[in-house]
Amino acid sequence: MVIVAGSLRVEPHERAAYLAGCEEVIRAARRTPGCLDFAIGADSTDSGRINIFERWDSQSAVEAFRGDGVGDDQAQTILSASVAEYDVADIRILSGTSD
């Protein structure tokens, strides 16, 4: 399993528009084979932060979906980004069931 997690920084007044522009990407990711979870959302305490969380069943699934990354319009809005991929070797279920 691969987890992609981190955050983006945008101007607070541009965050809502940025997130609206991500809606189709989120829907497309969730329909993609190998996607277990995909979320891009507003941070509840920092008006310029956008949180990223993705879970994929394999590195090849991530790469097949990712393609060239964000579009030019989105890239111009991002002030900074701190996002990483994590290879997960084991899972401990804390609540519910595993996907």
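Can we say residue 86 is on the phi < 0 side of the Ramachandran plot, open to solvent by less than 70 Å² (accessible area, probe 1.4 Å) and either assigned to a strand (DSSP E or B) or aromatic (Phe, Trp, Tyr) (or both)?
No; evaluated as a whole, the condition is false for this residue.
Restricting attention to the range 1-22, report how many residues are of a type in the set (D, E, K, R) and open to solvent by less than 60 Å² (accessible area, probe 1.4 Å).
1
Could you please give the count of residues in the range 23-62 that are surrounded by 12 or more Cβ atoms within 10 Å (Cβ to Cβ) and either in a strand (DSSP E or B) or acidic (Asp, Glu) (or both)?
19
The values are calculated or read from the model by the stated rules, or taken from the named source; none is laboratory data. None of the values given here were measured: they were computed from a predicted structure. Positions of Cβ are backbone-derived with ideal geometry, glycine not excepted, and every protein chain shown enters the neighbour counts. Ligands, DNA and RNA are stripped out before the accessible areas are found, and what is left, the full protein with its side chains, is counted by its heavy atoms. Shrake-Rupley method; radii C 1.70, N 1.55, O 1.52, S 1.80 Å.
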